[in-house]
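Peer 1: Sharing a structure below in structure tokens format, with a few things to ask.
The values are calculated or read from the model by the stated rules, or taken from the named source; none is laboratory data. None of these values were measured; they are calculated from a predicted model. Here the Cβ positions follow ideal geometry from the backbone for every residue, glycine too, while neighbour counts run over all protein chains shown. In case anyone asks, the SASA skips ligands and DNA or RNA and just uses the protein heavy atoms, side chains included. Shrake-Rupley method; radii C 1.70, N 1.55, O 1.52, S 1.80 Å.
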Amino acid sequence: MRFVVKNGRCSGRAPYEMVTPRVNVGRLPEVADVKSRMVRCNDLVFPENLDPANSTVSRVHAHIEFDPATGDFRVFDDASRAGTRVVRQNRTLPAPAGATGGVRLHDGDEIYFGAVCIRLEIGDLDRHR
């Protein structure tokens, strides 16, 4: 699966290819707590200084997971400030924050992390299994 940025600008290569079962999304590559301990590393990073839309992405915004047992990709909001939602066929599906089942993703879905938007291109699922 790969992500194509439609609004905002990510650091690193574009489009982004998902090569691990989990991709963390946030504004910083590394997030530390108040005691400077590493809390999380983000894979898909939208630095605030690259685009005005990126300021709506939280440091720890969301994550996307692949479940090899079901073949599903899902997006989860990680208690972000501006929220995460999926737009599919002119319908908006919010990704609730917290411990939920997330939102199942389909080829062509647009995922909004605040004002940043990426489009999913799932392609051949056999290489993920």
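Peer 1: Quick test for you: out of 60, 25, pick the one residue that is touching a strand residue (DSSP E or B) at 6+ places or on another chain (Cβ under 7 Å), closer than 20 Å to residue 85 by Cα and touching a residue at least 40 places away in the same chain (Cβ under 8 Å).
Peer 2: Unique residue meeting the criteria: 25.
Peer 1: Does at least one position in segment 89-99 carry a residue that is within 15 Å of the chain's Cα centre (by Cα), touching a residue at least 40 places away in the same chain (Cβ under 8 Å) and either part of a strand (DSSP E or B) or under 22 Å from residue 8 (Cα atoms) (or both)?
Peer 2: No, there is no match, as no residue in segment 89-99 is within 15 Å of the chain's Cα centre (by Cα), touching a residue at least 40 places away in the same chain (Cβ under 8 Å) and either part of a strand (DSSP E or B) or under 22 Å from residue 8 (Cα atoms) (or both).
Peer 1: Which numbered condition trips up residue 91, out of (1) within 18 Å of residue 26 (Cα to Cα); (2) open to solvent by 50 Å² or more (accessible area, probe 1.4 Å); (3) at pLDDT 95 or above?
Peer 2: In the conditions (1) within 18 Å of residue 26 (Cα to Cα); (2) open to solvent by 50 Å² or more (accessible area, probe 1.4 Å); (3) at pLDDT 95 or above, residue 91 misses (1) alone.
Peer 1: Considering only residues that are among the aliphatic types (A, V, I, L, M) and free of Cβ contacts under 8 Å to residues at least 24 places away in the same chain, look in segment 65-88 and name the one that is surrounded by the fewest Cβ atoms within 10 Å (Cβ to Cβ).
Peer 2: 69
Peer 1: State which residue is most open to solvent (accessible area, probe 1.4 Å) when the search covers only segment 94-129 and only residues that are closer than 13 Å to residue 25 by Cβ, of a type outside the set (A, V, I, L, M) and at pLDDT 95 or above.
Peer 2: So, considering only residues that are closer than 13 Å to residue 25 by Cβ, of a type outside the set (A, V, I, L, M) and at pLDDT 95 or above, the one most open to solvent (accessible area, probe 1.4 Å) is 112.
Peer 1: What about residue 50, is it surrounded by 13 or more Cβ atoms within 10 Å (Cβ to Cβ) and out of contact with any strand residue (DSSP E or B) (no Cβ under 7 Å at 6 or more places or on another chain)?
Peer 2: yes
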